[in-house]
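Every read-out reported here was derived from the displayed coordinates using simple, explicitly stated rules and does not represent laboratory data. Note that the structure is predicted; figures quoted are calculated from it, not measured. Here the Cβ positions follow ideal geometry from the backbone for every residue, glycine too, while neighbour counts run over all protein chains shown.
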Amino acid sequence: MRKSVLHILFLLVLAPSLSFGQYDATPQQIDSLLEVLASTPIDSSRTPILVNLWRAHIDRDIDKAFGYADQLIDLGKQLDNVPIQHTGYQRMGIAYSYIDDYPSSNIYYRKAMKLSEERQRYSSTAAMQINIAINHSIMNQHDSTLTYANKSIENFAKENDSTGIAACYNVIAGMYFNKGQYKLSLESSLKAMGISERHNDRRDAKTSLRNIHQNYLKMKDTTNTVRYLKRLMQMNREDNDKHGLISDLSNLGILYTSIGDSLEIAKEMLDESWELSQSMKFPSGQVFTLLGLGKYYVKKNDMARAQSFFKESLGLADSLNQIGSVVDNQLELAGIALQENSLNEAKSWSQQALTLSKKTDLSEDQAQAYQLLSEIALREGKQGDALRYFKQYKIVNDSIYNIENGQRLSELQTIYETEKKEAEIALQEEEINTLNAKAKVDKLTKGLYAGGMASALALSGLLVFGYRQKMKKNKIEREKQEEIYQQEIAHKKKELASQTLHLVQKNTFIQELMENLENIKNSPEKFKMEFRRMVMLLKKENASDKDWEVFKTYFAEVHNDFDQKLKTIYSDISEKEIRLAAFLRMNLTTKEIAATLNVLPDSILKSKYRLKKKLGLDKETDLVDFLNSL
């Protein structure tokens, strides 16, 4: 129920007289509440009883929780009492979020929001908006998340509710994090932390610190990751938050282990985390701590102890259905088995990790599993399997790379558009101020007309001239900034296109592999037949149309629909001829194009001649210069 806890926290804004934490009622207490409810008249005094019954059942019997929320809605309608009706809609929204029915949850949040808006209750409206934003975030509907979070900020600001604003920034940070836009996520987290620290809100400050160190970790900034993790750990020590402390210690322990020169510090932290997680009977903390201890002993080259810790962590993770941790441990065990040359064991762990990572879409783990299987097959002398696994590794790894580049480009575009919008707003405000100042000057001019028209006009002229000069300066600065961002975006697009090209050029690598396979022709006769079949298969798959389509998409984006321009000049131009033209536009040499397409250089020269003729170019016109002019 981790997701829904967020919703409950925001409801604290709505009714501070009630407690919305976990209501750990005993069966006897529930029976007492039911008895009181049965004897209570149909009036507003039933509200706290129904709320407590709802709270008592939300984690135990969701159907009954729905029932009590429905009773609250009916009671509010019957008594024509908007606050009671509002409370019922809130509880219904939370209940639907508990069963992961977020569209239905949002329907009830919107009903509650509408009631708040009608009564101009800004905090209540903001609370519903941020709950809707959280639902959209869980559903990966990022634009809607941002829209509702920003609306919530506006309404919290009307009530000077800094805690609510900080919470909104944390939601926005989570949305950007899920999109892979770590710079924007970091920016929102830092805003949230600044607000929380100014108002001494330790809970939200810790949430922000957690987000900040996770962003720095994704950005591969180890120094800042450690720095903010240490701050978080210090706060958790001061608050005696042992669960938070376990997480911080294990995370820092693993980070220090990866650094390599801080192994003893890592061991101290992991040992403390282990003792705490045992004393707290906290199995989730134990899973990660055991994984960290395994990594530590790998660094110490004590493989037997490392293996023992990984297996213990794996068993716990499996019992808790923590798939990510299960896969992490399986890959670690596969690595140890491979290092000890226990190939069957290494293959078994790698294949298990691959199967699970495919089911749960863990791309980085898939890539690592394929890489391990490729290396295992090579050691077994199964070059065909090794090549097959390596090709799968390249496909997954390249897809991760392209996604990351796409996310960076999207982030840059978002930053540019945001700052452009802010600049436009600032310019509009400047123009409004100028007009107001001019109006004041005009008024002053009229007032002083009898005593000194010339002086007033001079003053007016000076003021207006000063404001106009300021506006002109701001406009020039804005245009320069816009030009810089446009250049950065163009550079990123070109970088992305050039990197995508290596998907097509992987044929060069395959060609080298085929040359290496020529050296093992002296194998048994059966393998010779297998060898011939494998070479034929490689030749067949060499020029992958899928790779070309990916490249063509990015190429068209950077080079302004280059293929469409070619088709306009000559409608019957073939896909192969467009491909050749694109490579020439990229300034690849004849030899490079031949290697990419797995043909002889002479064949490329002939194709260039035919392309030039088809495009109707005379002898004096250079084909490459013509293509660059499109």
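Of the residues Tyr109, Tyr228, the one with the fewest other Cβ atoms within 10 Å heads the list, and the complete ranking is Tyr228, Tyr109. Remark: segment 366-376, residue by residue, has Karplus-estimated 3J(HN,Hα) of 4, 4, 5, 5, 4, 5, 5, 5, 5, 5, 4 Hz, where x stands for each Gly or Pro and the curve is 6.51 cos²θ - 1.76 cosθ + 1.60 at θ = phi - 60°. Model label sites at Leu79 and Lys242, defined 7 Å from Cα along the beta-carbon direction, differ in position by 4.2 nm. Per residue, the convex hull spanned by the alpha carbons of segment 94-245 comes to 114 Å³. With neighbour counts taken as other beta-carbon atoms within 10 Å, the residues Arg579, Arg202 rank, fewest first, as Arg202, Arg579.
Legend: calculated FRET efficiency, Leu37 to Ala157, from the Cβ-Cβ distance at R0 = 45 Å, rounded to 0.05, equals 0.70. The modelled label-to-label distance between Asp602 and Asn140, using points 7 Å beyond Cα along the C-beta direction, is 5.1 nm. The order of the peptides 347-357, 263-273 by mean Cβ neighbours within 10 Å, most packed first, is 347-357, 263-273. Structure shown: which of Lys567/Lys612; Lys311/Lys347; Lys220/Lys358 lie over 23 Å apart, alpha-carbon to alpha-carbon? Correct reply: Lys220/Lys358.
Taking 0.36 nm per residue of sequence separation and removing the Cα-Cα distance, the Lys567/Ile107 pair yields an extension gain of 160.6 nm.
Its convex hull of Cα atoms gives segment 1-160 a direction-averaged projected area, equal to a quarter of the hull surface, of 8.9 nm².
Between Thr360 and Thr147, the simple label model (points 7 Å from Cα in the Cβ direction) yields a spacing of 3.3 nm. Across the cross-link table entries Lys206/Lys295; Lys230/Lys299; Lys267/Lys394; Lys267/Lys359, which are compared at the Cα atoms, the separations over 29 Å belong to Lys267/Lys394; Lys267/Lys359.
Could you state the per residue volume, in Å³, of the convex hull enclosing the Cα atoms of segment 559-628?
84
Each of Leu627, Leu146 was scored by other Cβ atoms within 10 Å of its Cβ. Arranged with the fewest first, they read Leu146, Leu627. Counting only the backbone N, which residues of segment 298-312 are under 15 Å from the spot 7 Å out from the Cα of Gln278 toward its beta-carbon? Flagged as within label range: 309, 312. Sorted from longest to shortest, the spans of the Cα atoms of segment 236-292 along the three principal axes equal 30, 24, 12 Å.
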